[in-house]
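To keep things clear, I will list the structure first and then write my remarks on it.
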């Protein structure tokens, strides 16, 4: 009889230890996923902090619905995956975000030509915004929070 009680206590202890290890494994899997996801966000955000863009000039043609933007990249940071351009007018109409996969190296100036979608209702554009972006580890575009703006004078 004593042997059965002792055996029952050993089995119970083994079951509790197994359940504790399983619980620790589940918690670790969740925490590890959060840590890795946060680390990739930090990596992309740190790239954005080092990027300094400016717009040296911009012009838009209402007839052809094409805008030309001269973007200058100052020193610092890694090569961009591209820039996102948005064209606006005085009434607040926006072209929406137009992606340009133009990579900009440090101290480089490039002229970017974008076509305004015909369904955007943007005429007489008076402002251009350019936002740099990087691709993360999964090759998903991550736009930086900083935006360069340029007011177009007619």
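The values are calculated or read from the model by the stated rules, or taken from the named source; none is laboratory data. Keep in mind that this is a model prediction, so the values were computed, not measured. Quick reminder, even Gly has a Cβ in these numbers, built from the backbone with ideal geometry, and neighbours come from all protein chains shown.
Being part of a strand (DSSP E or B), modelled with pLDDT under 90 and either closer than 22 Å to residue 139 by Cβ or touching a strand residue (DSSP E or B) at 6+ places or on another chain (Cβ under 8 Å) (or both) is the requirement here; does residue 99 meet it?
Yes; evaluated as a whole, the condition is true for this residue.
Does residue 100 meet the test of being without any contact (Cβ under 8 Å) to a residue 24 or more places away in the chain and within 24 Å of residue 61 (Cβ to Cβ)?
yes
Can you find a residue in segment 74-95 that is without any contact (Cβ under 8 Å) to a residue 24 or more places away in the chain and closer than 19 Å to residue 151 by Cβ?
Checking segment 74-95: at least one residue is without any contact (Cβ under 8 Å) to a residue 24 or more places away in the chain and closer than 19 Å to residue 151 by Cβ.
Take the conditions surrounded by 10 or more Cβ atoms within 10 Å (Cβ to Cβ), more than 20 Å from the chain's Cα centre (by Cα) and either modelled with pLDDT of 90 or more or closer than 18 Å to residue 107 by Cβ (or both) and apply them to residue 58. Does it pass?
Yes: the conditions hold for residue 58.
Check 18, 43 and return the single one that is at pLDDT below 85, assigned to a helix (DSSP H, G or I) and not assigned by TED's automatic domain parsing to the domain that holds residue 100.
Working: 18 fails: at pLDDT below 85.
Step by step, each of 18, 43 is checked, and only 43 is at pLDDT below 85, assigned to a helix (DSSP H, G or I) and not assigned by TED's automatic domain parsing to the domain that holds residue 100.
Which of the following residues is modelled with pLDDT under 80 and either more than 30 Å from residue 105 (Cα to Cα) or under 16 Å from the mean Cα position of the chain (by Cα) (or both): 38, 25, 82?
It is 38.
Residues are listed down the side, and each one gets a yes or a no for (1) within 22 Å of residue 76 (Cα to Cα); (2) at pLDDT below 80; (3) in contact with a strand residue (DSSP E or B) (Cβ under 9 Å, 6 or more places away or on another chain):
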site	(1), (2), (3)
107	yes, no, yes
116	no, no, yes
119	no, yes, no
124	no, no, yes
129	yes, no, yes
133	yes, no, yes
137	yes, yes, no
149	yes, no, yes
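One line per residue, one yes/no per condition, for (1) surrounded by 14 or more Cβ atoms within 10 Å (Cβ to Cβ); (2) farther than 17 Å from residue 64 by Cα:
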| position | (1), (2) |
| --- | --- |
| 88 | yes, no |
| 91 | no, yes |
| 102 | yes, yes |
| 107 | no, yes |
| 116 | yes, no |
| 126 | yes, no |
| 131 | yes, yes |
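How about segment 67-93: which of its residues are under 22 Å from residue 123 (Cα atoms) and not in a strand (DSSP E or B)?
90, 91, 92, 93
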